[in-house]
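Heads up, the thing below is written out as structure tokens.
The values are calculated or read from the model by the stated rules, or taken from the named source; none is laboratory data. No experiment lies behind these values; they were computed from the predicted model shown. Cβ coordinates were reconstructed from backbone atoms using ideal geometry, including for glycine residues, and neighbour counts include every protein chain displayed. All accessible areas refer to the heavy atoms of the entire protein, side chains included, with ligands and DNA or RNA removed. Shrake-Rupley method; radii C 1.70, N 1.55, O 1.52, S 1.80 Å.
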Amino acid sequence: MTSKTMGNRVAVIGAGMTRFNRRAKESSGELTSMAVEMALEDAGLTIDDIDCVCLGTAPDAFDGIHMNGENLIAGAGARNKPYMRHYVGGGTGIMSPIHGWMHVASGKFKNCLVVTEEKMSPCVPHPAGAFITIFDHTTEQPLGLTLIHIFSIEMCRFMHTYGYTEEEIARVSVLCKKNALDHPAAQIAEEISVEDVMNSPVLSWPVKRLDISPTSDGACAIVLSNEHFAHSLKKAPVFIEGVGFRLDTAYWCTRDLAYPTYVATAAADAYRMAGITKPAEQIDIFEPYDPFDYKALHHMNALLQDKSGRKIKDLLLSGAFERDGSHPMCPSGGALGVGNPIAATGLMKIAELYFQLSGQAGKRQVKKDAHRGIAQAWGDLMQVGTVVVMSSDGAMPTFQSNWSNKKADDLPGTPLKDVKDVPHIADSPDLRYSWDNGLALTTYLDGFKEGKIRGSHCRNCGRMMIPARAFCEVCNLKDVVDYYDLPDTGTVMTYTLSYVDWDSSKLPDGKMRIFAVIEIDGAGEDMGLIHWIDEVDPKKIKIGMRVKAVWKPESERVGNVLDCKYFRPLKDGEKADDKPVRIKPVELHTETVKAFPGRIPLSYLYTAGIAGSKFYDELAKGKLTATHCASCDSVFLPATAFCEKCMVVLDPEKDARSVDPKSGMVIGCTVVHEDRSGHTLDKPRVVAQVAYPGTVGTVLGMLDIDDADEAEIGMMVELTRAKATGAEHVVFKPAQ
Amino acid sequence: MNIAIMGVGFCGSFPASGGLSYRELIARAAAMAYADAGIEAEQLDGAVSVEEDFVSGYSIADEYVPDQLGVQRKSVYTICGDFLHGVCSAAMQINTGQFKLLVVEAYSKASNILTKDELLHFSYDPIWNRLGVTPNYLAGIEMQQFMECSGYGPQDVAEVVVKNKTCGVGNAFAPYGNNINAQDVLLARQVAAPVTEQMIARPADGAVVVVLGATDVALETARNPVFLSGTGWCSGNSVIERRDHAVSEGTIIASQMAYKEAGVKSPAEDIDAFYVSDLFAHRQLMHLDALGFAGDSLARVNPDGGSLAVGDLFEANGGARLVDAVNMLRGEAGSRQIEGARRVVVQGWRGLPTDSCAVVVLDSERRTS
């Protein structure tokens, strides 16, 4: 990177967001459009004024749409505009303004609409199940991991290193949920006590239910512009002063889990651009990412560049993080209080800095005279840090806006108790894979079959690496050719006592599973793997405990990580194995080349959204409904809850227009010979695209016709009464 | 715009690549690109990867990017798009003045995805467009409406397949290059009429890595830099009920952006070679129309054989074209070299159900506008 401070200045000039709900009635695109309409209104612009759009949303597994960014184009206001989607897992929400900043600071565009969205609720039975596929498919997923396990493991290490008690960490949850009482988008704001957190159910020790942010549906949008444009507006802009984003290795068991160096480095990048040399003194407001309460503290250490952790602990215990304190932290209420629709949460924090630094935060306004703030997000496999530093321009502005007094009812977003309370669509995609093991993992997994843990050794840096790899990621991809059998003993670096399964379901009563990161003897420092621990009294497990692998009988071993049943404590007097033994790696030929089977074990229940509910309700009665946009005087088919041309929210009930379902004309059709899985159909079917007089758009569905070859453009058809909700039930027949 | 392509690496294309994990496939392409650019991984400021979760089989697939590029703990993020979208983003990033040297990466392990049609079906809107039949239905409607409006016929579309697959015979990177005639294409098994199986690019494995640098760095370091003169990207209308399927509006707008930036006034005359997405054969013609190069000789189009010959590399498709374009501008394209090629256009399309496209203009020599 260069050593330059920031040249082209980029300002935030407007923000919008939906309420954050556990389940929203609106579809993903509808939520997004609502946030966009508000952001444009706040900036005093229309969609025609916008040069380009960038969008952040985290895993597609939540929304349940492959290439979700493509699906969100219309809702993001990006029709016929330059549009790109970016993501870095949980760090996405702060990566979004950074990507938007690139669009404007590069000089290519004068402004950029930055949009974020997450709809987690479609993923059933619980969105947490989507997290199993964040782990390595071959070496980690077979263990049944989910996000809460990795958080608990990290929290345990954090507490061990910095000497925090659970009660001290719980103060963060109390603070955030209280602050969120004043936030209009808040999902779980409440007055709670440290005792409430401590008494909430233990999910995966040390993590308890009230240590965790919720799963959420929500969207947030901001408008960025260049300095010239920002200064032409009547209200005070807030400028992005510095940005940083850093992504660490995916081999997370090889990393210091107590101190997030990647966040510290990202912050250092941002500080260099912003000219900050003493962050604790030069930053007025902190919005660290707080998906779990300890995470806020974990991140704050890095934001203050303080690996000792003493400063943050002092600030926490002295009450300095309160809104009227010296270092207000999460004045918004954060993910713990406002909610956590992943990507939208990060941008909500950017919006909070914009509100605070332009004096629009109303009841949430911090007491001190704040000129500069920092927002940060984090994610992936404990691996990414994204940081933005923002400042008001000169003197603290005093500005009352719509945002100063907004209440929950002023924000869009309709909460649902159950998806099944509204029209909905079920889908269980059959997503199966077979992952090539390749050069290094073939030898590594062969080791498990032999009852051995295998590493590979880099001659350049001297690291013994687990799992074995064919190149060294820290030595300019230098080839690694030396493989070793390592002792199957090691040391517990951190652990969790878990009562939940990978899909967030509770383990049977009395059942508990211990996951631990184990530094393997003979491998490098901090070079570990994750596995289960058993044959141990949970009260006696501790960091530093010596353990040994317990293997399945040879006849049952197949060459995967479950060939090791678990690790158990080394017994008194029991000695560890000898030093590493160099071996010949497995030679690849058609019999040894193997792939590891996998699947995405997820199902979805989608709400039909505001527009889909109206459309399918009417179609069940044999009626066809469109939606009128008064701004452009267009009637859209199918029904829609927003106009993608004008980017204004529409009401499919009030703005409904009836269309004669018998007046359709085929403008496109195709005879299809395969089903959705690519299997040949017994009888070809016809897909038709049908236009109706006086409307913009068409309806897509199946054409019920005896002879598929008779389907043709220009054919008149009528829409039949739908038997259920969903596109598969949209059926035309030739007009009588 | 003061950006140069300093080095390229392409490990592929293979119908299957058992024996190399995705990490090893990418590391191989990265090593090629870094050697070509005259750099070591440690000199890079960061990376832009281009990936989709369900193609990789991971949620938040960006996690698994840094190691095999040698850029752990650097400024790395992931774009959803064609490879060329990643190039466009990296170019903006360098032009902020805060970054000098970036790598763009995408890969395909298509052979590891056992249920590709299910996956594509899963990309359609769950409320409006999952019809329970082959997700290629949209290609059938597109090809029909394109022919209706453009005057092209099935024979013209078949000739695209013939030409591209024949070009692929001379390309060592093209496992699907072969000698085929138009009747073979037209009489092939129908998938979504009028689209036949032969009009659809077949999946393939491969990794593409490209090093981008600020021009001053490139001129100091790279053995043979190629210059990025214009970038553009656009997604048209994502609502397929309200999209004009006879044209690629995304390509039209993206090319207008790129041409304006690069000073291209008359594409058919100014451009020596066009690389365009041909994931479906009719899309090649549609994209050429949108780029302002219609009805002309196919000789200057996809000299590498395109995706029909090289294979569908998912997010890496535009990257494979870009690598060939760079070799072309360097005069290193071997038997498919177009003599005197100095300026080329590369266009990428994301595939169904999108009209998301990106366009870049490349020059063999630095131009000052």
Check your understanding: Of B:Gly319, B:Gly132, B:Gly46, which is the most mobile in a GNM of chain B whose springs link Cα atoms less than 10 angstrom apart?
Key -> B:Gly132
**Study point:** GNM result for chain B, Cα springs below 10 Å: residue of B:His282, B:His121, B:His85 fluctuating most strongly
**Key:** B:His121
Check your understanding: How much solvent-accessible surface does A:His729 expose, in Å² to the nearest 10, with a 1.4 Å probe and all protein chains in place?
Key -> 70
Check your understanding: Convex hull over the Cα atoms of the stretch A:433-599, averaged projected area in nm²?
Key -> 11.5
Check your understanding: Using protein heavy atoms only (no ligands, DNA or RNA), what is the total accessible area buried between B and A, 1.4 Å probe, nearest 100 Å²?
Key -> 10300
Study note, to complete from the structure: Here the whole-number average of other chain Cβ atoms within 10 Å per Cβ of A:57-66 is 5
Revision key, fill the gap. For the stretch A:609-734, the charge dipole (Cβ of Lys, Arg +1; Cβ of Asp, Glu -1; about the Cα centre) points to a positive end, and the Cα of A:Leu719, A:Leu703, A:Gly609 closest to that extreme belongs to A:Gly609
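Could you put A:Val174, B:Val133 in order of accessible surface area, largest first, with the 1.4 Å probe and the full protein assembly present?
On the way: A:Val174 30, B:Val133 0 Å².
Ranking A:Val174, B:Val133 by accessible area, largest first, yields A:Val174, B:Val133.
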Study note, to complete from the structure: Under a 1.4 Å probe, counting only protein heavy atoms, A:Ile713 has an accessible area in Å², nearest 10, of 60
Exercise for review: Decide, for the protein assembly as shown, between rounded, prolate and oblate: order the square roots of the alpha carbon gyration tensor eigenvalues as a ≥ b ≥ c, take rounded if a/c falls under 1.5, and otherwise choose prolate if a/b is larger than b/c, else oblate.
Suggested key: rounded
Exercise for review: Would you list which lysines come within 21 Å of B:Lys100, measuring only between C-alpha atoms, while excluding same-chain residues fewer than 8 positions from it?
Suggested key: A:Lys4, A:Lys108, B:Lys74
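Can you bin the stretch A:609-734 into rounded, prolate or oblate? Criterion: square roots of the alpha carbon gyration tensor eigenvalues sorted a ≥ b ≥ c, rounded for a/c under 1.5, prolate for a/b above b/c, oblate for the rest.
On the way: a/c = 2.08, a/b = 1.83, b/c = 1.13.
Prolate, since a/c reaches 1.5 and a/b exceeds b/c.
Quickly estimate the mean residue ellipticity at 222 nm for chain A, helices only: each DSSP H run with n ≥ 4 gives -39500 (n - 2.57), and the total goes over all residues, rounded to 500. Working shown, then result.
Numbers: 16 runs with 159 residues, N = 736.
Value at 222 nm, helices only, nearest 500: -6500 deg cm²/dmol.
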Point to revise | Number of partner chain Cβ atoms within 10 Å, mean per residue of A:662-673 | key: 6
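Nothing charged except the Cβ atoms of Lys and Arg (+1) and of Asp and Glu (-1): what's the magnitude of the dipole of the stretch A:433-599 about its Cα centre? Round to the nearest 20 debye.
On the way: 26 positive and 27 negative charges, 51 e Å.
Roughly 240 debye, rounded to the nearest 20.
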Check your understanding: When the helices in chain B are scored as -39500 (n - 2.57) per DSSP H run of 4 or longer and the sum is shared across all residues, what 222 nm value do you end up with, to the nearest 500 deg cm²/dmol?
Key -> -10000 deg cm²/dmol
Point to revise | Burial order of peptide ranges B:49-60, A:341-352 (average beta-carbon count within 10 Å, highest first) | key: A:341-352, B:49-60
**Study point:** Accessible area, probe 1.4 Å, largest first, for residues A:Lys645, A:Lys575
**Key:** A:Lys575, A:Lys645
Revision key, fill the gap. So for the stretch A:35-79, using the alpha carbon gyration tensor with a ≥ b ≥ c as root eigenvalues (a/c under 1.5 gives rounded; past that, a/b versus b/c decides prolate or oblate), I'd call it prolate
Exercise for review: Go ahead and set up a Gaussian network model of chain B, Cα springs under 10 Å, then flag whichever of B:Val217, B:Val169, B:Val326 fluctuates most.
Suggested key: B:Val217
Point to revise | 10 Å Cβ neighbours from other chains, averaged over peptide B:107-118 | key: 5
Exercise for review: For the stretch A:431-540, state which GluC sites (Glu not before Pro) are in a DSSP loop and have at most 13 other beta carbons lying within 10 Å of their beta carbon.
Suggested key: A:Glu525, A:Glu535
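Could you order peptides B:23-29, A:40-46 by the average number of other Cβ atoms within 10 Å of their residues, highest first?
On the way: B:23-29: 25.0, A:40-46: 19.3.
In descending order of packing, they fall as B:23-29, A:40-46.
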Point to revise | Proximal lysines to A:Lys313, defined as alpha-carbon separation beneath 28 angstrom and excluding residues fewer than eight positions away on the same chain | key: A:Lys177, A:Lys178, A:Lys208, A:Lys278, A:Lys295, A:Lys349, A:Lys363, A:Lys367, A:Lys368, A:Lys539, A:Lys540, A:Lys542
Exercise for review: Leaving ligands, DNA and RNA out of it, report the carbon-plus-sulfur percent of the accessible area of the stretch A:227-267 at a 1.4 Å probe.
Suggested key: 55
Revision key, fill the gap. Under the Karplus relation with 6.51, -1.76 and 1.60 and θ = phi - 60°, whole-Hz ³J(HN,Hα) for the stretch A:455-468, x at Gly and Pro, equal x, 10, 10, 8, 6, 7, 9, x, 7, 9, 9, 10, x, 4
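Counting Lys and Arg as +1 and Asp and Glu as -1, each charge on the Cβ, what is the dipole of the protein assembly as shown about the Cα centre in debye, to the nearest 20?
Working: 107 positive and 140 negative charges, 392 e Å.
Here the size comes out at about 1880 debye.
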**Study point:** Potential extension, A:Met198-A:Lys506 segment - 0.36 nm per residue separation minus Cα distance
**Key:** 109.0 nm
Exercise for review: Starting with the highest mean, order A:82-89, A:12-19, B:89-96 by the number of other Cβ atoms within 10 Å, averaged over the residues of each peptide.
Suggested key: A:82-89, A:12-19, B:89-96
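Pop the C-beta distance of B:Lys265 and A:Arg657 into the FRET formula with R0 = 41 Å and round what comes out to the nearest 0.05.
With R0 = 41 Å, the Cβ-Cβ based efficiency is 0.35.
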Revision key, fill the gap. With x for Gly and Pro, the residue-by-residue ³J(HN,Hα) of the stretch A:327-338, computed from phi through the Karplus equation 6.51 cos²θ - 1.76 cosθ + 1.60 at θ = phi - 60° and given in whole Hz, is 9, x, 10, 6, x, 5, x, x, 5, 5, x, 7
Check your understanding: If R0 is 25 Å, what FRET efficiency do you get for A:Ser555 and A:Val124 from their C-beta distance, rounded to 0.05?
Key -> 0.05
Point to revise | Residue-level accessible surface for A:Arg323, protein heavy atoms, 1.4 Å, Å² | key: 40
Review point. In straight Cα distance, which lysines are under 26 Å from B:Lys165, not counting same-chain residues fewer than 8 positions off?
Key: B:Lys109, B:Lys116
Check your understanding: Using unit Cβ charges (K, R positive; D, E negative) and no other charged atoms, how large, in debye to the nearest 20, is the dipole of the stretch A:440-524 about its Cα centre?
Key -> 100
Practice item. Considering the options B:Gly319, B:Leu101, A:Gly163, tell which one lies farthest towards the positive end of the dipole of the protein assembly as shown, charges being +1 on Lys and Arg and -1 on Asp and Glu at the Cβ, about the Cα centre. Key: A:Gly163
